[in-house]
1. Going through the stretch 84-121 one residue at a time, which ones are out of contact with any Phe, Trp or Tyr (no Cβ under 8 Å at 6 or more places or on another chain) and in a helix (DSSP H, G or I)?
2. Look through the stretch 268-296, keep the residues that are outside any helix (DSSP H, G or I) and not hydroxyl-bearing (Ser, Thr, Tyr), and return whichever of them is surrounded by the fewest Cβ atoms within 10 Å (Cβ to Cβ).
3. Only one of (1) part of a loop (DSSP other than H, G, I, E, B); (2) in contact with a Ser or Thr (Cβ under 8 Å, 6 or more places away or on another chain); (3) surrounded by fewer than 18 Cβ atoms within 10 Å (Cβ to Cβ) fails for Thr300. Which number is that?
4. Only residues in the stretch 225-246 that are within 18 Å of Ser281 (Cα to Cα) count as the first member; pair them with residues that are surrounded by fewer than 21 Cβ atoms within 10 Å (Cβ to Cβ) and of a type in the set (Lys, Arg), Cβ under 9 angstrom, at least 6 apart or cross-chain, and list the lot.
5. So the check is Cβ under 6 Å with 6+ separation or different chains; which pairs have a first residue in the stretch 144-159 that's within 16 Å of Leu131 (Cα to Cα) and a second one that's among the aromatic types (Phe, Trp, Tyr)?
6. If Val251 satisfies all but one of (1) open to solvent by less than 20 Å² (accessible area, probe 1.4 Å); (2) in contact (Cβ under 8 Å) with a residue 40 or more places away in the chain, what's the number of the condition it fails?
7. Return yes when Gly92 is small (Gly, Ala, Ser) and in contact with a strand residue (DSSP E or B) (Cβ under 9 Å, 6 or more places away or on another chain) and no when it is not.
8. Considering only the stretch 236-248, state which residues are under 24 Å from Val33 (Cα atoms) and touching a helix residue (DSSP H, G or I) at 6+ places or on another chain (Cβ under 9 Å).
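The values are calculated or read from the model by the stated rules, or taken from the named source; none is laboratory data. Predicted, not measured: the structure shown is a model, and the values here were computed from it. All Cβ positions, glycine included, derive from the backbone under ideal geometry; neighbour counts span all protein chains shown. When the accessible area is computed, the model is the full protein with side chains, heavy atoms only, and any ligands, DNA or RNA have been set aside. Shrake-Rupley method; radii C 1.70, N 1.55, O 1.52, S 1.80 Å.
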Amino acid sequence: MTEFELVDPPPDDARVPALAQGLGVPGIVDIHVHLLPRRLQARIWAYFDSAGPLLGRPWPIRYRWALPDLVAHLRTMGVLRFSTMPYAHKPGMAANLCRHSLSLAEQYRDVLATLTFFPEPDATTYVADSLAAGARVAKVHLQGGGFDPREPVLDPVWGLLADAGIPVVIHAGSGPMPGRFTGPTPLGQVLARHPNLVAVIAHLGAPETSGFLDLVESRENTYLDTTMSFTAFLNEMHRVSDAEVERLAAVGDRVLFGSDFPSIPYPYAHAVEALVDLGLSHDWLRGVLWGNAARLLGLTALDSSVA
C-alpha cells in the first residue's frame, strides 16, 4: 500500500451528520485540520510511523489519503468549514506553506485559509501578505517549531494578528512531550503584551489544561480547541479531570471543536462522540461543534453551505 492509497473509511463516520442534525446545527466547523503539501504530509506521516521522539508512542494514521479524498470525506461527514493547519519547524518554510493554504482556499470554498510563521526576518512580510490575501486562521506550533514565542522578531507578527482579529491556533501545551517553550507561561507573556490577540490553545493545552483554563478565564479573547481530547487514545496519556470538565462547561462559549484529521489513529466520529459522552448540555455541544467558531469566523448557515 502506498501512503496515499484510499481505503474504506471507518463505518463509524457515517454517524457524524446525524449527530449534528440531532443538535439542530447545520454542520461542524473543525478548527484543527491538517491539509499539507503532498511531500511534507508524507514526511510527517513517516515521522508518525516511526513513533518519533516528540510522540513517544505508536501512532497509526487512520486516514492516509490524497488531499482531494480527505476534503471529500470531511464534506461527507457534514464538516462545513475546516482549516489547513500548516506549521513551520525551521526557517524558510512558512511563506510557501501560507501560499499553499491560500491556494487550497481558492480551490475549495469550505477551506479556511491558514497562515503560519517562524521567527525569521521576513515573517512580518509574509504574514501581512497572507492576511491581505484572505487568510482566516493562523497556526503556530511551539513544540514542533521549538522556538520561543517571546522572540523580539515575532513581536510585530503578533501585533499584526492582533490587529487582524483572526484566531491563532497555538500548540502551546507540553503534550505529548514537553518542549523548551511549552506550557502556559511563555504564551501567557505574549498575550499580556498583545491583549487583543485572539488565541486558540490547541488540545485544551494538555497536559497543562488547568493553567491554560486560567488564561481563558482571565481573557475574553482566549479559546481552547478540543483536538484529540477525551478520546480513548489521548486518555491513555492525559485524562482531563472532572474539575477541568466543569470549568470547560462554564466557558463553553470559548471552546472550539478540533480533530487533527487526517493524522489521527481512530475514526473521526470518535472525536465527536467523545464530546457527546461528557454528558454536558446540548447548548454546550452546539456551541463547540458549530456556534462558537461560526461567531468567531463570521460564518452563517447560509454561507456555510458549499457544493
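1. Across the stretch 84-121, the qualifying residues are Asn96, Arg99, His100, Ser101, Leu102, Ser103, Leu104, Ala105, Glu106, Gln107.
2. Gly279
3. (2)
4. Hits for this filter: Phe230/Arg239.
5. So the pair list comes out as Val157/Phe117.
6. Here Val251 clears every test but (2).
7. Values: small (Gly, Ala, Ser): yes; in contact with a strand residue (DSSP E or B) (Cβ under 9 Å, 6 or more places away or on another chain): no.
Answer is no for this residue.
8. Matches in the stretch 236-248: His238, Val240, Leu248.
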